[in-house]
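The values are calculated or read from the model by the stated rules, or taken from the named source; none is laboratory data. All values reported here derive from a predicted model rather than from experimental measurement. Here the Cβ is made from the backbone with ideal geometry for all residues, glycine too, and neighbour counts use every protein chain on show.
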Amino acid sequence: MWDRTAAAYERRHAAVLRRDGGAAWGTFRISERRLRLLGNVRGKDVLELGCGSAGWSIALTHAGARVVGLDFSPVRLAQASARMRATRVRFPLVVARAEAIPFPDARFDIVLSDFGATTFTDPYRTVPEVARVLRAGGLFVFAHSSPLRSLTQDARNDRQTRRLMRDYFGLHELRDRYSVEFQLPYGEWIRLFARCGLSVLSLIEPAAPRTRRTTYFTARDQEWARHWPVESIWQLRRSQDSQRPHRSRQSVGRRPATARRR
Ligand SMILES: C[S@@+](CC[C@H](N)C(=O)[O-])C[C@H]1O[C@@H](n2cnc3c(N)ncnc32)[C@H](O)[C@@H]1O
């Protein structure tokens, strides 16, 4: 799907994604300069998980980080290469799945994903993998849809509603005609993080800006997102002393039953 839709995705979102030089979070592109979730990246080893055309990776390379961009779509990585040439930066791009990161334990200081692979992969597989490749004290920051968005989304018509459209308990795999996304109830996210040795530093739930339009939502859904959180930006720290999480899901969490759609 990502190979097939890569060109259309770039045409539609490139201008918004390049605001603030690419270092901005979520569908409303809130600047890292304002949120300061990654700290000083100079000299840090950084992995962008599901980097797409690598706007974040390019910005962080300019800021002095040693970055690796990972994505499982060769077409998206070709877009990243083109952007690297245009912006005169170089860093490794890796074709791989976020559920099996091809790097040794404790290789990175920071892992980030901005509606990247974390949105589209099972957190029971991806979160332990991220914890495995993070050094003690390292940061994992990712932007994701909020549970409330998942609960109130009319998936058939791809719009937000004021009704609860599915069960909260058992939130996990959300499939539509084109794609699959993942979501967990808040308590389940926090238990999964804890089992992987990740502590929550911050959970940011930005309200949609009043004026600046995003290409990710209709005007109607952007208005919805002025009242309720449409996205969650999690900032987590890998603990200094906890044991490395085991790869298998059994060791990190029980998969909840899939939530029923109403
Ligand atoms: C919505 S894009 C976001 C990327 C980037 N932040 C951007 O906006 O261009 C999601 C990216 O995640 C990648 N992705 C999805 N599932 C993945 C997986 N299992 N492993 C690695 N990358 C994945 C897709 O190929 C796509 O490039």
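Key figures for this structure:
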| quantity | calculated |
| --- | --- |
| Given (1) farther than 27 Å from Ala219 by Cβ; (2) within 11 Å of the ligand (Cβ to nearest atom), index of the condition Ala65 fails | (2) |
| Considering residues of the stretch 108-162 that are among the small types (Gly, Ala, Ser) and surrounded by fewer than 21 Cβ atoms within 10 Å (Cβ to Cβ) only, the residue farthest from Gly39 (Cα to Cα) | Ala155 |
| Filter pass, Asp105 being among the acidic types (Asp, Glu) and surrounded by fewer than 21 Cβ atoms within 10 Å (Cβ to Cβ) | yes |
| Some residue of the stretch 28-43 being farther than 21 Å from Glu231 by Cα, of a type in the set (A, V, I, L, M, F, W, C) and touching a helix residue (DSSP H, G or I) at 6+ places or on another chain (Cβ under 6 Å) | yes |
| Any pair with Cβ under 8 angstrom, 6 or more apart, that starts in the stretch 74-86 at a residue that is in contact (Cβ under 8 Å) with a residue 12 or more places away in the chain and in a helix (DSSP H, G or I) and ends at one that is among the polar types (S, T, N, Q) and more than 9 Å from the ligand (Cβ to nearest atom) | Ala80/Ser57 |
| Residue tally, condition surrounded by 14 or more Cβ atoms within 10 Å (Cβ to Cβ), at negative phi, not in a helix (DSSP H, G or I) and not polar (S, T, N, Q), over the stretch 174-202 | 7 |
| Unique match (being assigned to a helix (DSSP H, G or I), without any contact (Cβ under 8 Å) to a residue 60 or more places away in the chain and away from the ligand (no atom under 11 Å from the Cβ)) among Arg11, Arg42 | Arg11 |
| Residues within the stretch 89-99 that are assigned to a loop (DSSP other than H, G, I, E, B) and either buried (at least 21 other Cβ atoms within 10 Å of the Cβ) or within 9 Å of the ligand (Cβ to nearest atom) (or both), tallied | 4 |
| Residue match in the stretch 16-39 (condition: of a type outside the set (A, V, I, L, M), at pLDDT 95 or above, within 9 Å of the ligand (Cβ to nearest atom) and out of contact with any Cys (no Cβ under 9 Å at 6 or more places or on another chain)) | no |
